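Accompanying notes for the structure given below.
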Amino acid sequence: DTGNDEQLYECPMCSLTCTNIQILEEHVDLHLEEQSFSEGTDLELAQRLQTEEDKWQRSEEEKREREEFKKLQKQYGLDNSGGYKQQFLKNMEREVDRGRMQPFEYHKRKADMMECLAFGIDDGKTKTSGVIEALCKYYQNENKDVRHVWLSAGVDHFHSSLGDRGWGCGYRNFQMLLSSLLQNSLYNDCLRDTTLIPSIPKIQSMIEDAWREGFDPHGASHFNNRLHGSKAWIGACEIYSLLTSLRIKCQVIDFHKPTGPVGTHPRLFEWVLRYYSTDNEGGAKVVCTSKPPIYLQHQGHSRTVVGIEEKKNKTLCLLLFDPGCPSQEMQKLLKQSSDGTSLKLLRKFVGSLKEKQYQIVAVDGVLSLEEKAARCHASQVLTSEKIP
C-alpha cells in the first residue's frame, strides 16, 4: 500500500515491485522460462556426462576383463608360451647362468630329455619307489595312536621337474596312479601299449587321443582340443577321459560343498575309508590292499591318496603323495624313524582339507569295449556323482 490507494505487486522470485498484475505475471513467466531453460541445459549436460562416465567404465571393465583373461590363460598354461620342453630348456639355461649347473651337465641333460621325449617315456629322475612297502613295515611296529591303517597297492611317487614346475601336478598324479596299475595284472590287457611310464608330453597326446575318440567334447573345447606343447593344467575330467579311453573303469566323485564344521569335508574321509576297507575288513592293524591309489583334485592342485589311518580315538587321517614334494624328502620315508616324523609329509587330517570343493577319481576294474563305448557317449554330457 503506497498511501495513495495504489496497489503494489511484489515478484515472489526477485522481489521486484510492480503496480500492474498483468506486468507481474509476464515478469514471473520470464523467470519460469529462464529456469526451465537452465534446468533443461543442466539435465542435458548431466546426461552427457553420465553417458561419457558409463562409456569410460565399460572401457575400463573390458580392459580389466582382458587382463584377467590373459592372467588366467597364463596361469592355466593356455597362453601359447610353450610346453614341457621349452620350460625345461629355459630353466636349465637359467641354472647355468646362475652358476648352479655346468655347461656339460646342461648338454647331457638336454640330450637325455630329447631322447625321452622322442620315445614318449618319463626319465624317472623324479621317481621314488618303495614308500608303500616302507610304510607297511613302519605301521607294523607303530604302537602309539594308530588303531588301523589301510594302504593302497604299491605306487611310485613322482614330483614336478624343471619342465613342469608350477603346472604339472595333474600329469604327475596320473603317473603315480599308472605306476600302480602297471603292477597289477588285472590291467595288463588295458595297458599293453603302455608298459613304461609316459612323459608329460606323451600324456598330453594320450588325452588328445581320448578327445578324438569322442570323450568329453565340452572339456576338450576348453583347451581348444590341444594340450601338447602347452603348459595347460588338467583335472579330474581329463584323468577320467584318459583312463576310460584305456578301458580302465573309474568314477568321478564330486564333494561339491563342505559337510562338516569350519568348511571341512568329513564325508570325503568316510568315502576313502569305505573304498579301502571294503573287502579288506578284519582284525589286522595294517592292511596292504590291492586297491589302486585315488586321484584327489581341488582348485589349483591335485594329489594322490595312498591310504588312510584310523586313530584310536576314531579320527581319520589321509595319507597323500604330493607331486610338489621333492624326491629327497620322499626318500626319508624309506628310512622311517621310529617316531614317524617323516610321515608329516603324508598325513592330512580332516581339519587340513578345507577347500570349497574336492573331486576324486577312483579306479575299480576293467571295461569291456561295449562299456567303454557307452561311457564315451555318456561323457558327452558328463556329470560327476555328487555327494549330498
Filter region 152-179 for residues that are polar (S, T, N, Q), open to solvent by 10 Å² or more (accessible area, probe 1.4 Å) and under 24 Å from L135 (Cβ atoms) and give the result.
S160
Residue check, H377 against (1) part of a loop (DSSP other than H, G, I, E, B); (2) open to solvent by 50 Å² or more (accessible area, probe 1.4 Å), all met but one. Which one?
(1)
Subset of region 290-326, residues open to solvent by 10 Å² or more (accessible area, probe 1.4 Å) and polar (S, T, N, Q), comes to S290, Q297, Q299, N313, T315
Selection within region 225-265 - free of Cβ contacts under 8 Å to residues at least 40 places away in the same chain and surrounded by fewer than 22 Cβ atoms within 10 Å (Cβ to Cβ)
N225, R226, P261
Sort out which residues of region 287-331 are touching a Lys or Arg at 6+ places or on another chain (Cβ under 7 Å) and closer than 18 Å to D364 by Cα, and write them in order of number.
L296
Among the residues of region 97-122, write down those that are open to solvent by 60 Å² or more (accessible area, probe 1.4 Å) and part of a helix (DSSP H, G or I).
D97, P103, F104, E105, H107, K108, R109, K110, M114, E115, A118, F119
Evaluation of K127 against (1) in contact (Cβ under 8 Å) with a residue 60 or more places away in the chain; (2) open to solvent by less than 40 Å² (accessible area, probe 1.4 Å) (one fails), failing number
(2)
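The values are calculated or read from the model by the stated rules, or taken from the named source; none is laboratory data. Computed from a prediction, not measured in an experiment: that's the story for all the values here. With ideal geometry, Cβ positions are generated from the backbone for all residues, glycine too; neighbour counts draw on all protein chains shown. Protein only, heavy atoms only, side chains kept; ligands, DNA and RNA dropped before computing areas. Shrake-Rupley method; radii C 1.70, N 1.55, O 1.52, S 1.80 Å.
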